[in-house]
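Let me begin by presenting the structure, written as structure tokens, before commenting on it.
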Amino acid sequence: MIADLSLYLVTDPELCGERGVVETVRQAVDGGVRVVQLRDKKATDAETAAQLIELSRVIDGRALLVVNDRLDAALAARAAGARVDGVHLGQGDVSVLRARAELGAGALIGLTANSRAHLDAALALPEGTVDYLGVGVIRPTKTKPDHPPALGVDGFRAFAAASPLPCVAIGGVGIDDTEVLRDAGAAGLAVVSALCTAPDPAVAAAAFVRRWRAAGVPRVLSIAGSDPSGGAGVQADLKSIAASGGYGMAVITALTAQNTQGVRAVHVPPTGFLREQLDAISDDIVIDAVKIGMLANAEVIRTVIDWLDSVRPPIVVVDPVMVATSGDRLLDAEAEHALGELLTRADVITPNLGELAVLVGRDVHGWDDALAAGSVLSAAVGARVLVKGGHLDGADAPDALVGDGAIVEFEGARIATGNTHGTGCSLSSALATRLARGEAPADAVAGARAWLRESLRESEALAVGQGHGPISHFAGLWARGGLETRPTAEDIAAEWWASIADIRSEIDELPFIRALADGTLDRDAFVFYLAQDALYLREYARVLAEASRLAPTSAEQAFWANSAHGSIVGELELHASWLTPEAGVSAATFAAEHAPATVAYLDHLRATAFGGDYAELIAAILPCFWLYDDLGRRLHAGEFGEYARDPRHPYASWLATYADPAFEQATVQAIAYVSQEAARVSPERRTLMRRAFETAAAHEREFFAAPLRG
């Protein structure tokens, strides 16, 4: 089976202390624990079975219950009527094949693993024998003193990358490991002391859950009807989920023939096919949240209830589609009764005022009465209720989140638009997604509501249909992010290199380059070039040092600082061997007057360096690496004539510096840093970076041209 392994509690009776295992589990499951593993090495099988029976009662299907090692205890507890979902076995425990045979195909079976040999043994079992691996320990832990050597995060990452089975990280895991372990490929975190010793396990578990959810992209399932016009139903849900940062999936409960002017016909597929759709998703994908919309009849509703009870998704948001815009009831009495059962499975319910009235069995008059009705409904079904004021008369359209004895109100002026088709669907889907991202309920409502209001304000631009048009689900994203695909670093490097193709060709044809290659370059021209390059390098080193100061990472700081050091120590010493061989690098090395090309180039570098923009600065620095490296490699490849490779060449010592392997490696790194930065920044800043790069390339060309310019 596919299980939500995100937060996995392993019990320890000593750590639970006076509070006890059962109460610790109850509180931790209240906070969002998805799997509970009963681990008590000292208990007998009979005592373990009794504990499983009690835990099954307390958990009440809200999380999966497994037992560590004790297959016989699990079977005994099941025989007594307890819901025991599976076992977790060590490498030396009862045969995993026996466990699968005894517990059945739907059981959750985990296996401890720490090495490649363990992984190979698990993979050698028949497919479907093992559902997940408990991989660790991550770091040494007192709760299991006989643990194998700690893997650390890097070791876990390597193991998870090699494993086709989901890997749960275990052993010394704390809340600050959440993001790094999820990034390392963890399907979940197995936690012992961080929950068992917590003053309030519910609060501690909720904190783990929030951080886990926030670290990933939530997988959100819409169970609703279809709207071929795209404004409501699953079509609107999928847009809303995507706009809110989630991955949307859809199971269709009904097919409609409708447009912005109304519904013409409804076809309800057989409930057997509905269940096939639901099982197909949950058998393969961990579902982080479910949004439920149109459910046409009692049979459909009960099918969804049965599936929810089987899968137990962590977040359920129900938009109870019961009343048409005209005020007509959409469900018969049997379906309304079944819907009441469904609402007890919800975390949040999002009725409009007409639906709220039906659910509480009385008319609702005004906003204050709506809040009172929402409180009644919340208490009756045990879920929060988002009371929506969109159907109120007047200039205001408030909303309120009611539940847990509190009312959080959200004010807002009514937005003047007729494009309200699918607003209820869209809001509930956005809310489900934000809850699945780890946002607190009030924050999730505030964020979903702000997004919906933005989408309403921008809806006129769509011009869809002749009736009540849809909202513009992606208007804000289009405005803030644009439509252009973000290029990769490789794309940028190739594009920028191509953009200076003309400059590179012109450099190749410069008399200075050709004469340098064939050995006919006049010594005075060569010395002029060296003198200007010495002046350039002295300032270039300062620019590189500024890049190091501005760099966002220690690796980049070190790279630019080392490049600055190399410019001063390595390259200038070679210059001095030609310019001032007796004095070495000294004031005389820099005695020449600055040529116009040198002044212009340095002015460009200094302007970018001391403007404080790291991205633009390193783009301006790059041509000095890239053009020199490219030219040097082609000189040594004989592209400009074989004599450039001859050790008897008058400038052989100089030409050798062009093809230095260390400089080539540094150039590759410089290209990587610049192109990665360009891929990260906004399109506007990327344009400025490219302009700085191309301008610097042009200055390189002029610098090469200067020695033989008339």
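Just a few scattered comments:
- Solvent-accessible area of Met294, all protein chains in place: 50 Å² (probe radius 1.4 Å, heavy atoms, ligands and nucleic acids excluded).
- Neighbour net charge for Ala63 - beta-carbon separation under 14 angstrom, K R +1, D E -1: +1
- Descending semi-axes in whole angstrom, ellipsoid equivalent of the stretch 58-170, from the Cα gyration tensor: 25, 16, 13
- Taking the inverse of the mean reciprocal distance over all distinct Cα pairs, the Kirkwood hydrodynamic radius of the stretch 314-433 comes to 14.5 Å.
- Once the Cβ-Cβ distance of Ala406 and Ala450 is raised to the sixth power relative to R0 = 25 Å, the FRET efficiency obtained is 0.75.
- Percentage, to the nearest whole number, of Cα pairs in the stretch 366-443 over 17 Å apart: 51
- The length gained by stretching the chain between Thr520 and Ala442 to full extension, at 0.36 nm per residue less their Cα-Cα distance, is 20.3 nm.
- Solvent exposure ordering (accessible area, 1.4 Å, most first) of Lys291, Lys42: Lys42, Lys291
- Calculated FRET value between Glu334 and Glu18, using beta carbons and R₀ = 45 Å, to 0.05: 0.35
- For the stretch 634-664 and the stretch 188-210, distance of Cα centres in Å: 64
- Most positive-pole-ward Cα, Ala395, Ile109, Phe663, against dipole of the chain from beta carbon charges: Ile109
- Rounded accessible area per residue of the stretch 358-423, 1.4 Å, Å²: 49
- Taking only alpha carbon atoms, the stretch 235-280 gives an Rg to Rh ratio of 1.06, where Rh is the Kirkwood radius.
- Nearest-10 value in Å² for the accessible area of Trp496, using the 1.4 Å probe: 10
- Förster-model FRET efficiency, 51 Å R0, Asp284 and Val668, C-beta, rounded to 0.05: 0.80
- Extended-chain gain in nm, criterion 0.36 nm per residue less alpha-carbon gap, Asp393 and Val180: 71.7 nm
- With 0.36 nm allotted per residue and the present C-alpha distance subtracted, the Ala637-Ala379 stretch has 84.8 nm of extension available.
- Once each of the GluC sites (Glu not before Pro) sitting in a DSSP loop with at most 13 other beta-carbon atoms within 10 Å is removed, the chain keeps 128-410 as its longest stretch.
- Take every Cα pair under 8 Å whose residues are at least 6 apart in sequence, average their separation, divide by the length of the stretch 166-235, and the relative contact order is 25 percent.
- Solvent-free Debye calculation, one equal scatterer per alpha-carbon of the stretch 603-703: log10 I(q)/I(0) at 0.10, 0.18, 0.20 Å⁻¹ equals -0.34, -0.85, -0.97.
- Spatial offset of the stretch 376-413 relative to the stretch 10-54 amounts to 38 Å, using the alpha carbon center of each.
- Distance histogram in 10 Å bins (all Cα pairs of the stretch 113-213, percent per bin): 16, 45, 31, 8, 0
- Charge tally around Thr260: other residues with Cβ under 15 Å, Lys/Arg +1 each, Asp/Glu -1 each, net -1.
- Portion, in percent, of the accessible area of the stretch 66-182 that falls on carbon or sulfur, probe 1.4 Å: 56
- The mean sequence distance of close C-alpha pairs (under 8 Å, at least 6 residues apart), as a share of the length of the chain, puts its relative contact order at 9 percent.
- Pairwise label distance in nanometres, Ser115 with Ala652, each label 7 Å out on the Cα-Cβ vector: 5.8
- Proximal charge balance of Leu371 [Cβ under 11 Å; K/R count +1, D/E count -1]: -4
- Normalised convex hull volume, the stretch 320-378, alpha-carbon set, Å³ per residue: 79
- Averaging the sequence gap over all C-alpha pairs within less than 8 Å and six or more residues apart, then dividing by the number of residues, gives the stretch 1-160 a relative contact order of 16 percent.
- Rounded D (µm²/s) - the chain, Kirkwood Rh over Cα pairs, Stokes-Einstein at 25 °C, 0.890 mPa s: 81
- Computed on the Cα atoms alone, the convex hull of the stretch 185-247 gives a volume of 110 cubic angstrom per residue.
- When you work out D = kT/(6 pi eta Rh) for the stretch 1-44 at 25 °C and 0.890 mPa s, using the Kirkwood radius from C-alpha pairs as Rh and the Stokes-Einstein form, the result is 220 µm²/s.
- Projecting label points 7 angstrom from Cα along Cα→Cβ for Ala587 and Ala162 puts them 6.5 nm apart.
- In a simple Cβ point-charge model (Lys, Arg +1; Asp, Glu -1; nothing else charged), the chain has a dipole of about 820 debye relative to its Cα centre.
The values are calculated or read from the model by the stated rules, or taken from the named source; none is laboratory data. Since this is a predicted model, take the numbers as computed values, not measurements. With ideal geometry, Cβ positions are generated from the backbone for all residues, glycine too; neighbour counts draw on all protein chains shown. Calculation scope for accessible area: heavy atoms of the full protein, side chains included, ligands and nucleic acids excluded. Shrake-Rupley method; radii C 1.70, N 1.55, O 1.52, S 1.80 Å.
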